[in-house]
1. Only one of these conditions is not met by I589: (1) within 34 Å of the chain's Cα centre (by Cα); (2) hydrophobic (A, V, I, L, M, F, W, C); (3) more than 20 Å from G331 (Cα to Cα); (4) not in a helix (DSSP H, G or I). Which number is it?
2. Only one residue in R567, R580 is at pLDDT below 95, within 21 Å of D76 (Cβ to Cβ) and not assigned by TED's automatic domain parsing to the domain that holds R284. Which one?
3. Quick one: in region 85-94, which of the residues that are surrounded by fewer than 22 Cβ atoms within 10 Å (Cβ to Cβ) and either among the small types (G, A, S) or not assigned by TED's automatic domain parsing to the domain that holds I178 (or both) is nearest to K203 (Cα to Cα)?
4. Listed residues L128, L142, L134, L180; which is within 19 Å of L73 (Cβ to Cβ), more than 26 Å from the chain's Cα centre (by Cα) and touching a residue at least 40 places away in the same chain (Cβ under 8 Å)?
5. Please state which one of A148, A179 is surrounded by 20 or more Cβ atoms within 10 Å (Cβ to Cβ), modelled with pLDDT of 95 or more and within 28 Å of Q367 (Cβ to Cβ).
6. Spot the failing condition for E354; the list is (1) out of contact with any Lys or Arg (no Cβ under 9 Å at 6 or more places or on another chain); (2) closer than 21 Å to D209 by Cα; (3) surrounded by fewer than 20 Cβ atoms within 10 Å (Cβ to Cβ), and only one is missed.
7. Among the residues of region 253-293 satisfying the criterion of being touching a Cys at 6+ places or on another chain (Cβ under 8 Å) and not polar (S, T, N, Q), which is surrounded by the most Cβ atoms within 10 Å (Cβ to Cβ)?
8. Testing D463 on (1) assigned to a loop (DSSP other than H, G, I, E, B); (2) more than 26 Å from E219 (Cα to Cα), one condition comes back false. Which one is that?
Amino acid sequence: MTPSSQGDAHHILHSVFGYSQFRGEQAAIVDHVTQGGDALVLMPTGGGKSLCYQIPALLRPGVGIVVSPLIALMQDQVDALLQSGVKAAYLNSSQDFDASVSTERAMMTGGLDLLYVAPERLLMDRFLGLLDQLYEEGRLALFAIDEAHCVSQWGHDFRPEYMQLSVLHQRFPTVPRIALTATADEPTRNEIVHRLGLDEARKFVSSFDRPNIRYTVVERDNPKKQLQGFLASHRGEAGIVYCLSRKKVDETAAWLQEHGFNALPYHAGLDSETRRTHQQRFVREEGVVMVATIAFGMGIDKPDVRYVAHLDLPKSLEAYYQETGRAGRDGDPAEAWMTYGLNDVVIHRQRIDESTAPEEQKRVERQKLDAMLAYCEAGACRRTLLLQYFGESREACNNCDTCASPPELWDGTVASQKMLSAALRTGQRFGSGHLIDLLRGKLNPKISEYQHDQLPTFGVGKDIDEATWRAVARQLLVAGILHADAQRFGAITLTAAARPVLKGETTLMLRRPRKLPNSGRTPRYSRSDDKMELDSADQGLFEALRAWRSAEAKEQGVPAYVIVHDRTLREIAQTRPATRSELLGIPGIGEAKAERYGDSLLRVMDEVVG
């Protein structure tokens, strides 16, 4: 960073946003874009991506245009910027005609530093015409393309409009562009560069690690009870529970409500007003559990989500990383918890096989699913495996279930041979449940109907419990030794990889299913340097400050975290600044917030502390 721009950028960082220093590559990104360079920024959720374009937009002449795919994210970010004294607005379909015209007028008359716009609105001829005028007058500061992975046609959040954003480079060639995402493997990064014409852009790739998130995967047994066990220590905390189907979302939300949780459903089958109300409650109220399909979440900027739970397997590690990344954006400890079972493998592979997608796309989706399954069956550190997928290496983390309680490996070669033999002797026509019943010698109507109790494999696996047999079947499917045939309702068939196993030419070391206490929970992660511990007196002041913030947020009609984050309130409770000047030394308190809230904050401290 050049000396002059470094001083200007640091001044804005401190005076506007209330932070004393940049993190990671933020300073280099800010300088590069401020000087007019294009950039592709890959930075984890909660890593401070927004500052990478907000500060250059304030430093460069004109208005910065931010392309954002979700209305809720725009509104929250604009609310937060207004709190910090930045002239910001948004344009999207939630506004009436008069509001849109007023916002456009402010943009054209120099009344805005930043304008957030939906891609559909940006691509309209009328809006592009306004940008043409600003461009001719030298009053376009930059284009920021947020959630840039939406450009990937094989991605989990594909937005067709993003494919057309290359128009920005063609129409406004001298305006710097910065594309940002928290989720992109190497192929997706290449696609972003290609689709957006960012071949000359400088790439900034930060660590994908979210060290404050604890990762746990449990073998599915009784998923609702397992979820209840996990949530037992999270009562009163905000969290997200993801399900694959709308029906399961509704059932799970209702079940949680019956068990005393403030749970709300969210999926595309609900009317728009219900979705809007539920999302608003999640963002603005304390301790709401949002039970949702993946229709919910992208762009949610709520920093105090303490957990993300998956009751069904995501289809890729990219989707999993992004969904779990909605937890712990404030840097405090959070958990990513998932139940996983044999049926997940069958369903996802069946969906890929039965889809009408081109064969090349199916191949990519199978590779992504295989990586997701390998993560679930990992015997070593989950974080290491997750980061390896994004091209990053690291040592074991000591903050995932496999580090906290390493799985036991056993020689499953003979058991695998018995499973393969059972599939062969039944004509490779039955699912894993039937094969397990056969191996365990369970005489049920289906076994009797097909006279499978007469087979030599009937009962040869009585010494192995059902959970372990399910783990054997799951791991053989993941290893590609068995295949679930989508055309025959998930019938288990053998692949070419089964031959050396049957012949005894290879040894298979398998993971034993773990019997963890409290429905599969691992001990909660806690690290004192990540979350400031308060003594009883400081805790009382912190709660009083939170109550003040809640009242202030309710009066203004904005989420509480837009006013100020928990971490900032903890810092105030511990250090107890006595003047506005001292408040400016608290991370997250800039000049506008000190001016607006300083007296109130000092008054709360005086009332509580005396």
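1. All conditions pass for I589, except number (3).
2. From the options R567, R580, the qualifying one is R567.
3. Among those residues, the one meeting the criterion is G85.
4. One residue alone meets the criteria, L142.
5. None of the other options fit; the residue is A179.
6. (2)
7. Looking at the filtered set, the residue picked out is V291.
8. For D463, the failing item is (2).
The values are calculated or read from the model by the stated rules, or taken from the named source; none is laboratory data. Nothing here was measured: the structure is a model prediction, and the numbers come from that model. Please note: Cβ atoms are built from the backbone with ideal geometry, for glycine as well, and neighbour counts cover all protein chains shown.
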